[in-house]
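Report on one structure; see the data block that follows.
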Amino acid sequence: MPESDRLPAAFPLLHSFALWATTDPDVVNPSILAGVPFEPVSVSVTKKYLSAIQAWHITQGWPPPLSEEDHDHINWSLCGLENLQGSRKHPLQPPVTLNMLQALQSTLKLNDPFEACVWAMAACAFWGMMCFGEVSVPSRNAFNGKKHLTHRDTHFGYDLDGRLYVRLNLPSAKTAKSREIQSVFMVPQEGLCPLGALQNLAKVVPAGQSDPLFSWRDRQGNVHPMVKTTAINHINLVLKSWGWGTTFGHSFRIGGASFYLSQKVDPEIVRIAGHWHSLAYEAYIRAFEQVTS
């Protein structure tokens with residue numbers, strides 16, 4: 001914005017800004033991004049932005065930029081956006097990209113039990129479009145073989161064309177009905193292979209059929225299920241060291257869906273493979289150029 005338009009800021013500019021910030025922000029000059037994608041914010045955050053702009057005007061000796069009627073107009077528009085976005089209370093989480101996966105794999109020590117487990121979780125959550133809670137447990141004592149993945153739930157096989165695949169039978173998927181088992185199928189991927197990650201984990205962390213699939217061994221040889229927050233925090237330490245921001249539990253699921261869509265996979269196939277029961281998955285579509293770069 002030209003400096004002359006910033007103070008005082010006119011209603012059309014602030015109205016446009018509010019809509020821009022609450023949907024999917026795009027910028028005219030991509031060079032200012034420095035590799036960091038813009039993400040939409042919630043309606044409540046947008047209103048806080050407007051309050052901050054008003055406070056800035058006042059501290060500069062100008063009257064408030066928006067009248068009560070102006071606020072009513074903007075709130076009406078934001079209310080409409082909120083209805084279109086459904087029940088989403090927070091901005092969509094940023095996707096994990098192939099570059100992030102490569103950085104994660106190259107940084108983690110895959111012969112270390114803990115980091116081998118983190119890598120297997122990340123690879124499977126991405127390529128299998130799984131919620132991170134489906135490859136982890138909320139706490140160490142919360143593991144339940146009837147609810148969480150065990151080695152018994154993992155099946156390697158070959159399809160009719162002789163191609164290798166792995167099937168994970170989720171005993172309690174987030175999108176499944178009560179007692180419904182959902183299966184996640186994954187195939188080999190060049191360089192960032194989820195099958196290779198699982199095979200490496202089985203070698204580094206040998207365990208029994210009833211033990212957690214995503215687990216690690218301490219120095220005493222005890223097997224521990226991987227806790228979600230512990231794994232996410234470890235992943236974020238790595239990604240931040242590479243200059244990226246924070247990932248969240250759904251970032252891998254979103255990244256996997258975005259990648260498949262960018263490769264022109266039929267959206268209906270993506271919906272079925274990701275076990276979405278509605279068109280909500282469309283909200284996960286991201287800047288595919290970023291995902292595949």
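Side notes on the structure shown:
- Calculated FRET efficiency for the pair Ile58/Ser16, C-beta based, R₀ 30 Å, to 0.05: 0.85
- Taking all protein chains as shown and a probe of 1.4 angstrom, Trp62 keeps an accessible surface of around 110 Å².
- Debye-formula intensities of region 99-234, expressed as log10 I(q)/I(0) at q = 0.12, 0.15 Å⁻¹, are -0.43, -0.68 (one equal scatterer per alpha-carbon, no solvent).
- Between Leu160 and Val265, the FRET efficiency from the beta-carbon distance, with R0 = 25 Å, is close to 0.80.
- Area accessible to solvent at Thr154, 1.4 Å probe radius, in Å²: 30 Å²
- Positive-end extreme of charge dipole, region 125-267 - chosen from Ser172, Asn144, Trp242 (charges on Cβ): Asn144
- Over 23 Å between alpha carbons, listed pairs Lys240/Lys264; Lys109/Lys240; Lys109/Lys203; Lys146/Lys228: Lys240/Lys264
- A probe of 1.4 angstrom, applied to the heavy atoms of all protein chains, finds Glu115 with accessible area near 30 square angstrom.
The values are calculated or read from the model by the stated rules, or taken from the named source; none is laboratory data. These figures come from a predicted structure and were not determined experimentally. FYI the Cβ positions are ideal-geometry reconstructions off the backbone, even for glycines, and counts take in every protein chain you see. Just the protein is used for accessible areas: all its heavy atoms, side chains included, with ligands, DNA and RNA removed. Shrake-Rupley method; radii C 1.70, N 1.55, O 1.52, S 1.80 Å.
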